[in-house]
Each structure stands twice: as C-alpha cells, then as structure tokens.
Amino acid sequence: MQKFVFAYKTAEKLVNDVIKPGLCSGCGACIGYCPYIKSYGERVGVVHNCKQSEGTCYRICPRTETDYDHLRKETFGDVESEPVFGNFNKMYFARSCDESVRDRGQYGGVVTAMSIFALQTGVIDCALMTGGNFTAAKPFIASSTGEMLACTGSKYTASPSLSLYQDAVKEGFQNIGVVGRPCQCTAARKMQQVTEIKGERISLIIGLFCMGSFSPDFYKFVKSKGLDEYEKMDIPGDVKFKKDSKEMILPYDEVRKYIRDSCSICFDPLSELADLSVGSTEYDYGWNTLIIRTSKGASLAQDAVSSGIIEVKDYPIDRLPLLGKAVFNKKKRVLERRDAVYLEISDRERKYFLTDGGGV
Ligand SMILES: Cc1cc2nc3c(=O)[nH]c(=O)nc-3n(C[C@H](O)[C@H](O)[C@H](O)COP(=O)(O)OP(=O)(O)OC[C@H]3O[C@@H](n4cnc5c(N)ncnc54)[C@H](O)[C@@H]3O)c2cc1C
C-alpha cells in the first residue's frame, strides 16, 4: 500500500478547526491515543494543550483535510468513482435469512447478519459496534454472536465507537471490524494508514447510510416527551417510536433542530469508503439496501448468500433515481457551503454537482 505524506497538526488545531466550530461528528476516532483528549458521552474535549507538532488526532479526524481521491485510490485502486453513489460493484435489496435477526434488526438485519458471518468465518475477531438503545447509545467491542445480536437497532445519535479502537488493540484483537456511520468509515480509512496506532488491524468496514445524526440534546427531548418508554425508534419520513403494539409518531420537523451541525457538511450519506454499505429501502422495512463496494465486501457477501446467511434480490431499477436524487441534492448542498473546508475533491467532481447537474 502506497504511503501518503500528511502534514501533521496539533490537538489545539483540532479544537480550533473542528471542536469549537461545532464540526465534530462524534465518531470517537481521536480518543484513546492521547491522555489529553477525552469524551464526555458523545462530546469530545481536549483537556490540556498539546505541545506536539504532529498529532494523530488531527490526522485521522474525518472533519480535517480529507483527500477523498486519495482515500478512494487506497480503498478501490485506480478506478474512477461514480460521483453520486461512489465506487461500487453491485447494489441489492437484502435481508438476513434468520427471522430472529430480522426481528431484532432495524430493517432486514443485514448489518448484524454480515457482522456475525464475518466473525464466524474469521474475517474479523471483533467489531466496534453500538449497543444500548435510542435513549442511550453505547460504544461496544463485540466479539461473540450474542454481543453482536445485542447491538442490533439504530440509535440516531452519534455513538463514538471508534474511541474503543485502542482498547480492542490492547485486548489483542488482530482483525477489527468497524460498523459505523459515514464519518466513522472515513476516519477508519484514515486510521488504516497510521501504523503507530496499528490502524492496519482494521479488517472490515460496514458502513451505514446516514443523512444525519442527532446531538446529545435529543436525549433530553426524548425524556421530556416521555418517549423513553418505547423500545425502538425509526425515521421513515416521520419519527416513529414503538413498543409491542404501541406506537407514537412525531413529525420530523419536531426533531430536525437536533441534527448535529457536523452532519450538514457531510458529503457522504452512503458510506462510500466502506467495504459494504447498508441502508433502508425506504419502502419495505423488512429489507435493506446493500451496496457491495470492495472486492473484500463482494467475496464476503457472495459467501454469505451461498451459506444461506443473507438473501438478495435485484435493486429495483425504478428506485435508483430516487436514491440518486436524495444523495445528489445532499452533496450539492454541502458543496454550496463555505464551511465544508475539510473536503478535498477534484474540480471536476465539484463541477458535476454545482454546474452540470449530473443529469439527475
Ligand atoms: C444516525 C443514523 C442515521 C441513519 N440515517 C439513515 C438514512 O438517512 N437513510 C437510511 O436508509 N438509513 C439510515 N441509517 C441506517 C439504518 O438506520 C440502519 O442502520 C441500516 O439500514 C442497517 O439496518 P439493519 O437492519 O441491517 O441493522 P441492524 O442489523 O439492526 O444493525 C444496526 C447496526 O448499527 C450500529 N449502530 C446503531 N446505531 C449506531 C450509531 N449511532 N452509530 C454507529 N453505528 C450504529 C449497531 O452497532 C448495529 O450493528 C441511519 C443509521 C444511523 C445510526
């Protein structure tokens, strides 16, 4: 793998460029290497000024300078990226073949099924996941089927699960999986390049689709509305809370204000740097959309299908323009913002979204 020379920066610069302007995505990547950076729930703070001129924290943050073309090249080789969906090999509708995984999963349980399969086949020996529930997301190192099953379900706040990477390394895990939001996939690809933190142990990245996550204030909102009595939350347009047959629906406008500022500059709603990206289908909530991106992701998914772990069907061609339009518009909005300075993409790509319209 070709090494890239980064200009290292200090933790103080991380504070000035990312944390103070409210651009931290809460991915957790900067936690665990340095005694001066701490997390308080889903907030990150630098507790002491760092005298180092070069900091891993700055280097791996997904909101500091991020050269997408370089990361794409490292991940996919010298192939051109599709501007809207990113590099991909195939796109399917998919679901776990195990009904109990589907029942517990957010939608078709593909993330859980693929994580367990990767563990059982030795592709990974643990995964950084998110346990707890929508009233309290908890980063977790899952190294057994039971632990992975316990992490099912989306928690719509930011879970700083990458903060456990150093713990996983110290515990001796050699092949570490990452299940995360797009910002976490970007950070994980940056981490893979840093041998000082043993980033090469990241062996599989399963990325979630994500149009935005909520700030910690969302927890207060949930409590104040008495919504913590529900077990599951979903955002199929409106915001739905469920427990057994009991259901409560809120208009999305009531929660929109809790979206983290950092998400408004995110250029990557589909986890383009992951090995596999998984999201909803937007209409059939027993299934997922599964995007196969890397050759590693492709062979794992192929083996999972032939072993009866997941089932797939063709992505309906009439749905593609709908997904494409949502992603195109999100990327365009980000490029129009002046504060998305972290984003390094080619002028050609920028132009595709800002002037050509890409025909979408
Ligand atoms: C904040 C957020 C926003 C999302 N927005 C969209 C969207 O706009 N459109 C869309 O199609 N899909 C979105 N998703 C993805 C979707 O909710 C499902 O996670 C995805 O479809 C996988 O479904 P599944 O049935 O395979 O999940 P499961 O099998 O239930 O697995 C879910 C996995 O997600 C992980 N996880 C849960 N919460 C978090 C978190 N906060 N951060 C990191 N990892 C987490 C868990 O570790 C678990 O492994 C979002 C997810 C999150 C967490």
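The values are calculated or read from the model by the stated rules, or taken from the named source; none is laboratory data. Note that this is a predicted model, so its numbers are computed, not measured. Please note: Cβ atoms are built from the backbone with ideal geometry, for glycine as well, and neighbour counts cover all protein chains shown. Heads up: the accessible areas ignore ligands, DNA and RNA and are worked out on the full protein's heavy atoms, side chains in. Shrake-Rupley method; radii C 1.70, N 1.55, O 1.52, S 1.80 Å.
The Cα trace of the stretch 171-261 gives Rg and Dmax of 17.6, 51 Å, the first to one decimal, the second as a whole number.
Applied to the stretch 254-261, the Karplus parametrisation 6.51 cos²θ - 1.76 cosθ + 1.60 on θ = phi - 60° returns per-residue 3J(HN,Hα) values of 6, 10, 3, 5, 8, 4, 4, 4 Hz, with x for Gly and Pro. Relative contact order of the stretch 1-85, taken over Cα pairs closer than 8 Å and 6 or more residues apart, is 36 percent. Taken along its principal axes, the alpha carbon cloud of the stretch 115-272 reaches lengths of 45, 35, 22 Å, longest axis first. Rolling a 1.4 angstrom probe over the protein heavy atoms with all chains in place gives the chain an accessible area of 45 Å² per residue.
Among the trypsin sites (Lys or Arg not before Pro) in the stretch 1-98, those located in a DSSP loop and surrounded by at most 13 other Cβ atoms within 10 Å of their own Cβ are 3, 51. Just going by the charge dipole of the chain, with Lys and Arg at +1 and Asp and Glu at -1 on Cβ, which of 28, 124, 322 is farthest out on the positive end? It is 28, whose Cα lies furthest towards the positive end. Each Cα pair under 8 Å and six or more residues apart adds its sequence gap; the mean of these over the residue count of the stretch 123-254 is a relative contact order of 22 percent. In the chain, the DSSP-assigned H stretches of four residues or longer account for a calculated mean residue ellipticity at 222 nm of -7500 deg cm²/dmol, using -39500 (n - 2.57) per stretch and the full residue count as denominator.
Sequence-ordered 3J(HN,Hα) estimates for the stretch 132-138 from the Karplus curve with 6.51, -1.76 and 1.60 and θ = phi - 60° stand at x, 8, 5, 8, 5, 6, 10 Hz, glycine and proline given as x. When Rg and Dmax are taken over the Cα atoms of the stretch 27-176, they come to 17.6, 54 Å.
Normalised size of the stretch 140-216, defined as Cα radius of gyration per 2.2 N^0.38 Å with N residues, equals 1.10. Based on Cα contacts under 8 Å between residues 6+ apart, the chain shows a relative contact order of 21 percent. Relative intensity of the chain on a log10 scale, I(q)/I(0) at q = 0.09, 0.10, 0.12 Å⁻¹, equals -0.46, -0.58, -0.87, per a Debye sum over C-alpha point scatterers of equal strength in the absence of solvent.
Taking springs between alpha-carbon atoms closer than 10 angstrom, which of 147, 65, 196 fluctuates most in the Gaussian network model of the chain? Its mean-square fluctuation being the largest, the pick is 196.
Simple point charges give the picture: +1 on the Cβ of Lys and Arg, -1 on the Cβ of Asp and Glu, and for the chain a dipole about the Cα centre of about 860 debye. How many angstrom separate the Cα center of the stretch 195-242 from the Cα center of the stretch 88-106? For the stretch 195-242 versus the stretch 88-106, the Cα centre distance is 19 Å.
Placing unit charges on the Cβ atoms of the charged side chains and taking the dipole of the stretch 206-297 about its Cα centre, the candidate lying farthest along the positive direction among 265, 236, 216 is 216. In the chain, a dipole from Cβ-located charges (positive for Lys and Arg, negative for Asp and Glu) runs towards its positive end, and of 96, 179, 281 it is 179 whose Cα lies farthest in that direction. Solvent-accessible area of the chain (1.4 angstrom probe, protein heavy atoms only): carbon and sulfur portion equals 49 percent.
Along the stretch 226-237 the Karplus relation, 6.51 cos²θ - 1.76 cosθ + 1.60 evaluated at θ = phi - 60°, assigns HN-Hα couplings of x, 7, 6, 7, 8, 9, 9, 10, 8, 10, x, x Hz to successive residues, with x for each Gly and Pro.
Three principal axis extents of the stretch 184-336 based on alpha-carbon atoms, in descending order, are 45, 39, 32 Å. Taking a sphere under 13 Å around the Cβ of residue 299 and counting the other residues whose Cβ falls inside, with K and R at +1 and D and E at -1, yields a net charge of +1. A simple charge model with +1 on the Cβ of Lys and Arg, -1 on the Cβ of Asp and Glu and nothing else charged puts the dipole of the stretch 5-97 at about 440 debye relative to its Cα centre.
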